[in-house]
1. Can you name the residue in segment 139-156 that is within 16 Å of K205 (Cα to Cα) and without any contact (Cβ under 8 Å) to a residue 60 or more places away in the chain and, of all such residues, is surrounded by the most Cβ atoms within 10 Å (Cβ to Cβ)?
2. Can you name the helices (runs of 4 or more DSSP H) wholly within segment 8-93 that have at least 1 residues being within 18 Å of the chain's Cα centre (by Cα) and within 14 Å of the ligand (Cβ to nearest atom)?
3. Just name the residue that is nearest to N169 (Cα to Cα) out of those in segment 103-121 that are within 13 Å of the ligand (Cβ to nearest atom) and outside any helix (DSSP H, G or I).
4. When the residues of segment 45-89 are narrowed to those that are surrounded by 24 or more Cβ atoms within 10 Å (Cβ to Cβ) and hydroxyl-bearing (S, T, Y), which ends up nearest to L32 (Cα to Cα)?
5. Starting from segment 36-62, keep only residues that are farther than 16 Å from A109 by Cα, then list their pairs with residues that are near the ligand (Cβ under 8 Å from one of its atoms) whose Cβ atoms are within a distance under 6 Å, requiring at least 6 positions of separation or different chains.
6. Take the conditions surrounded by 21 or more Cβ atoms within 10 Å (Cβ to Cβ), within 19 Å of the chain's Cα centre (by Cα) and aliphatic (A, V, I, L, M) and apply them to L253. Does it pass?
7. Within segment 50-62, is there a residue that is closer than 20 Å to Y180 by Cβ, small (G, A, S) and at pLDDT 95 or above?
8. Within the set of pairs 6+ apart or on separate chains, which have a first residue in segment 63-78 that is closer than 25 Å to W115 by Cα, a second that is surrounded by 15 or more Cβ atoms within 10 Å (Cβ to Cβ) and among the polar types (S, T, N, Q), and C-beta atoms under 9 Å apart?
Amino acid sequence: MYDNDNTVKASFDLSYITEYLQQAQWAELIELKKVITRLYKQKQAPIRIFDIGIGNARVPKHLSLIHEIWEMVEVYDGIDNAEACVTLSTAAAKELQITDKVTATLFDAIKLNEWPQKYDLVLCTWFTPGNFYPDGFDFKHYMKDGKRLSLEQNPNFVKVFKGAYQLLNDGGELVLGATYIHNDATRIKQEEAYTKMGMHIITDKQDSFTATKEGFWSQRFTNEQLMRYLSFAPGQNIHFIPLDTYEYAQQVLIKK
Ligand SMILES: C[S@@+](CC[C@H](N)C(=O)[O-])C[C@H]1O[C@@H](n2cnc3c(N)ncnc32)[C@H](O)[C@@H]1O
């Protein structure tokens with residue numbers, strides 16, 4: 001979905017991005033800095049970070065511009081399954097002169113169980129955890145036959161994050177942040193955001209995800225659903241951190 005140049009541009013261009021989405025970026029970044037600092041202190045050495053869906057390298061860009069935080073980072077490896085995003089991220093890292101720590105690789109998160117290295121922190125930021133949709137989802141004909149998608153289970157979400165959890169060193173953390181909280185007000189905000197980017201919504205209020213004709217797909221989550229999906233990790237290791245006061249976005253921390 002991120003391989004169409006115009007859509008990629010709109011989805012990363014702040015003039016197309018709603019205030020809700022922009023503030024969620026900053027809120028999750030503040031929480032991320034706390035996690036990096038905690039892990040650095042725990043390890044007493046710079047930490048290794050892995051980013052699922054690095055996009056345009058927005059997160060390493062902002063982290064690298066804060067000297068105190070960037071010193072705590074040894075390696076920042078990112079993957080993306082869209083070539084356009086790998087190109088954008090590689091160019092951004094060169095421009096910022098952070099290629100000594102940052103890499104961007106074309107790789108599908110569904111195969112994370114095959115990734116060869118381990119990390120102290122695995123990230124999946126800015127609503128990307130809601131992008132992993134069930135195989136065969138039909139963007140052209142969704143709901144034409146009146147059949148809706150139940151997300152009681154989402155095997156692709158589980159496969160991605162089970163793989164991600166396995167990449168963690170002991171004591172490491174998997175951070176899903178931000179994720180959408182499932183409620184009607186959030187759905188309306190998602191629909192407004194996609195419409196602002198020039199897309200066409202194909203879902204409605206009976207769905208727990210929002211999708212567009214252009215191939216964008218984004219799930220909202222209840223905490224019960226997340227606990228069920230993440231049952232490969234001990235329940236007491238899963239923590240929910242609100243990113244606002246209006247039940248739009250939250251960060252999910254999963255400790256190993
Ligand atoms: C909402 S953007 C977030 C970009 C970036 N993480 C940020 O916070 O600005 C989602 C990113 O995840 C990537 N992505 C979606 N599905 C993926 C998959 N299966 N494997 C790897 N990357 C994926 C997209 O190409 C896109 O770059």
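1. The initial filter retains those residues of segment 139-156 that are within 16 Å of K205 (Cα to Cα), namely 142-144, 146-151.
Retained after the next criterion (residues that are without any contact (Cβ under 8 Å) to a residue 60 or more places away in the chain): 144, 146-148, 150.
Details: K144: 9, G146: 5, K147: 10, R148: 13, S150: 10.
Step by step, filter segment 139-156, then rank; the result is R148.
2. On the way: elements: 19-43, 58-64, 67-70.
The helices (runs of 4 or more DSSP H) meeting that bar are 19-43, 58-64.
3. Checked segment 103-121; the qualifying residue nearest to N169 (Cα to Cα) is W115.
4. By that ranking, first place goes to Y76.
5. Hits for this filter: N56/F12; V59/T125.
6. Details: surrounded by 21 or more Cβ atoms within 10 Å (Cβ to Cβ): no; within 19 Å of the chain's Cα centre (by Cα): yes; aliphatic (A, V, I, L, M): yes.
No; evaluated as a whole, the condition is false for this residue.
7. Yes, segment 50-62 contains a residue that is closer than 20 Å to Y180 by Cβ, small (G, A, S) and at pLDDT 95 or above.
8. W70/S64; V73/S64; V75/T103; Y76/S64; Y76/T103; D77/T103; G78/S89; G78/T103
The values are calculated or read from the model by the stated rules, or taken from the named source; none is laboratory data. Predicted model, so just to flag it, every value in this text is computed and none were measured. Virtual Cβ from ideal backbone geometry, glycine too; neighbours counted across all protein chains shown.
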